[in-house]
Amino acid sequence: MGVGGTLEYLSDLMGSGGHKHKKKKQLQTVELKVRMDCDGCELKVKKALSSLSGVKSVEINRKQQKVSVTGYVEPNKVLKKAKSTGKRAEIWPYVPYNLVAQPYMAPAYDKKAPPGYVRKVENTATTGTMTRYEDPYTAMFSDENPNACSIM
(Lines give C-alpha, C1' and ligand atoms only; values in the text may rest on other atoms or scores of the structure.)
Protein backbone atom coordinates (compact mmCIF):
# COMPACT_ATOMS: atom_id res chain seq x y z
CA MET A 1 0.00 0.00 0.00
CA GLY A 2 1.49 3.31 -1.07
CA VAL A 3 1.34 6.64 0.67
CA GLY A 4 -1.80 7.64 -1.27
CA GLY A 5 -3.57 4.41 -0.33
CA THR A 6 -2.62 4.82 3.33
CA LEU A 7 -3.87 8.40 3.42
CA GLU A 8 -7.11 7.41 1.72
CA TYR A 9 -7.60 4.57 4.21
CA LEU A 10 -6.99 6.87 7.19
CA SER A 11 -9.29 9.59 5.84
CA ASP A 12 -12.04 7.00 5.30
CA LEU A 13 -11.52 5.74 8.84
CA MET A 14 -11.68 9.22 10.37
CA GLY A 15 -14.42 10.55 8.12
CA SER A 16 -16.88 7.70 8.67
CA GLY A 17 -17.74 8.76 12.22
CA GLY A 18 -21.46 9.60 12.11
CA HIS A 19 -21.66 10.11 8.35
CA LYS A 20 -23.25 7.78 5.87
CA HIS A 21 -20.54 6.15 3.78
CA LYS A 22 -21.10 6.45 0.04
CA LYS A 23 -20.83 3.25 -1.91
CA LYS A 24 -17.82 3.44 -4.23
CA LYS A 25 -18.26 2.61 -7.88
CA GLN A 26 -16.40 -0.42 -9.14
CA LEU A 27 -13.67 -0.16 -11.74
CA GLN A 28 -15.18 -1.63 -14.88
CA THR A 29 -14.89 -1.67 -18.64
CA VAL A 30 -17.91 -0.63 -20.69
CA GLU A 31 -17.88 -1.73 -24.31
CA LEU A 32 -20.01 0.12 -26.86
CA LYS A 33 -20.71 -0.23 -30.55
CA VAL A 34 -20.56 3.28 -32.01
CA ARG A 35 -20.93 4.06 -35.70
CA MET A 36 -17.78 5.97 -36.75
CA ASP A 37 -16.63 6.69 -40.31
CA CYS A 38 -13.62 8.99 -40.09
CA ASP A 39 -10.92 10.38 -37.80
CA GLY A 40 -13.15 13.32 -36.91
CA CYS A 41 -15.91 11.01 -35.67
CA GLU A 42 -13.40 9.02 -33.66
CA LEU A 43 -11.94 12.15 -32.07
CA LYS A 44 -15.39 13.54 -31.26
CA VAL A 45 -16.45 10.34 -29.49
CA LYS A 46 -13.14 9.99 -27.63
CA LYS A 47 -13.25 13.61 -26.44
CA ALA A 48 -16.85 13.31 -25.22
CA LEU A 49 -16.29 10.05 -23.35
CA SER A 50 -13.00 11.24 -21.83
CA SER A 51 -14.82 14.21 -20.33
CA LEU A 52 -16.97 11.95 -18.11
CA SER A 53 -15.89 11.90 -14.49
CA GLY A 54 -14.29 8.65 -13.41
CA VAL A 55 -13.05 7.64 -16.87
CA LYS A 56 -9.49 6.28 -16.81
CA SER A 57 -9.06 5.36 -20.48
CA VAL A 58 -10.94 5.31 -23.79
CA GLU A 59 -9.86 2.87 -26.49
CA ILE A 60 -11.37 2.97 -29.98
CA ASN A 61 -11.24 0.34 -32.70
CA ARG A 62 -12.82 2.00 -35.72
CA LYS A 63 -12.64 -1.11 -37.90
CA GLN A 64 -14.86 -3.04 -35.45
CA GLN A 65 -16.86 0.10 -34.50
CA LYS A 66 -15.96 -0.72 -30.87
CA VAL A 67 -15.29 1.72 -28.02
CA SER A 68 -13.96 0.48 -24.67
CA VAL A 69 -14.25 2.84 -21.71
CA THR A 70 -12.44 1.86 -18.51
CA GLY A 71 -13.00 3.61 -15.20
CA TYR A 72 -15.35 4.17 -12.30
CA VAL A 73 -18.38 4.76 -14.52
CA GLU A 74 -21.93 3.54 -14.99
CA PRO A 75 -22.74 1.90 -18.35
CA ASN A 76 -25.95 3.90 -18.83
CA LYS A 77 -24.16 7.23 -18.39
CA VAL A 78 -21.44 6.20 -20.85
CA LEU A 79 -24.05 5.15 -23.40
CA LYS A 80 -25.97 8.41 -22.94
CA LYS A 81 -22.80 10.46 -23.41
CA ALA A 82 -21.89 8.51 -26.57
CA LYS A 83 -25.37 9.12 -27.99
CA SER A 84 -25.08 12.84 -27.20
CA THR A 85 -22.36 13.09 -29.88
CA GLY A 86 -25.00 12.38 -32.51
CA LYS A 87 -23.62 8.94 -33.32
CA ARG A 88 -25.64 5.74 -33.25
CA ALA A 89 -24.48 3.87 -30.14
CA GLU A 90 -25.45 0.73 -28.24
CA ILE A 91 -23.95 -1.57 -25.64
CA TRP A 92 -21.57 -4.03 -27.38
CA PRO A 93 -23.97 -6.74 -28.64
CA TYR A 94 -21.41 -9.37 -29.69
CA VAL A 95 -19.66 -12.30 -28.00
CA PRO A 96 -17.01 -14.66 -29.40
CA TYR A 97 -18.70 -17.32 -31.49
CA ASN A 98 -17.28 -20.20 -29.42
CA LEU A 99 -19.34 -19.07 -26.39
CA VAL A 100 -22.66 -19.59 -28.20
CA ALA A 101 -24.14 -23.09 -28.47
CA GLN A 102 -25.36 -22.62 -32.05
CA PRO A 103 -23.56 -19.60 -33.54
CA TYR A 104 -24.95 -19.93 -37.05
CA MET A 105 -28.64 -20.05 -36.14
CA ALA A 106 -30.82 -17.08 -37.11
CA PRO A 107 -30.92 -15.15 -33.80
CA ALA A 108 -27.15 -15.30 -33.21
CA TYR A 109 -25.72 -14.94 -36.70
CA ASP A 110 -25.16 -11.36 -37.85
CA LYS A 111 -23.50 -10.43 -41.15
CA LYS A 112 -22.37 -7.11 -39.70
CA ALA A 113 -20.58 -8.69 -36.73
CA PRO A 114 -16.78 -8.45 -36.64
CA PRO A 115 -14.88 -11.64 -37.60
CA GLY A 116 -15.05 -14.27 -34.86
CA TYR A 117 -18.08 -12.71 -33.17
CA VAL A 118 -21.82 -13.40 -33.18
CA ARG A 119 -24.73 -11.55 -31.62
CA LYS A 120 -25.28 -12.19 -27.92
CA VAL A 121 -28.48 -14.23 -27.44
CA GLU A 122 -30.10 -15.37 -24.25
CA ASN A 123 -30.30 -19.11 -23.66
CA THR A 124 -33.82 -20.16 -24.38
CA ALA A 125 -35.63 -22.96 -22.61
CA THR A 126 -35.65 -25.20 -25.68
CA THR A 127 -33.25 -27.65 -24.06
CA GLY A 128 -35.55 -28.10 -21.06
CA THR A 129 -38.66 -28.76 -23.16
CA MET A 130 -37.01 -31.08 -25.64
CA THR A 131 -38.70 -34.47 -25.76
CA ARG A 132 -36.80 -37.69 -25.95
CA TYR A 133 -37.36 -39.78 -29.03
CA GLU A 134 -38.26 -43.37 -28.25
CA ASP A 135 -38.07 -46.09 -30.79
CA PRO A 136 -41.55 -47.65 -31.00
CA TYR A 137 -40.13 -51.14 -31.65
CA THR A 138 -38.07 -51.23 -28.45
CA ALA A 139 -41.09 -50.12 -26.43
CA MET A 140 -43.19 -52.85 -28.04
CA PHE A 141 -40.95 -55.62 -26.65
CA SER A 142 -40.01 -53.91 -23.37
CA ASP A 143 -40.44 -55.66 -20.03
CA GLU A 144 -41.65 -52.36 -18.54
CA ASN A 145 -44.58 -52.14 -20.95
CA PRO A 146 -47.56 -54.14 -19.58
CA ASN A 147 -49.11 -54.33 -23.05
CA ALA A 148 -45.93 -55.59 -24.66
CA CYS A 149 -45.84 -58.60 -26.91
CA SER A 150 -44.68 -61.70 -25.08
CA ILE A 151 -43.61 -63.80 -28.05
CA MET A 152 -40.12 -64.28 -26.73
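Things worth noting here:
- Residue selected from the stretch 60-79 under the condition of a type in the set (D, E, K, R) and within 17 Å of the chain's Cα centre (by Cα), by the criterion least open to solvent (accessible area, probe 1.4 Å): 66
- Positions within the stretch 80-103 being open to solvent by 30 Å² or more (accessible area, probe 1.4 Å) and under 22 Å from residue 52 (Cβ atoms), in sequence order: 80, 81, 83, 84, 86, 87, 88, 90, 91
- The listed residue being modelled with pLDDT under 70, of a type in the set (Gly, Ala, Ser) and assigned to a helix (DSSP H, G or I), out of 40, 17, 4: 4
The values are calculated or read from the model by the stated rules, or taken from the named source; none is laboratory data. Since the model is a prediction, treat every value here as computed from it, not as a measurement. Reconstructed Cβ throughout: ideal geometry from the backbone, glycine too, with neighbour counts over all protein chains shown. Ligands, DNA and RNA are excluded from the accessible area calculation, which covers all protein heavy atoms including side chains. Shrake-Rupley method; radii C 1.70, N 1.55, O 1.52, S 1.80 Å.
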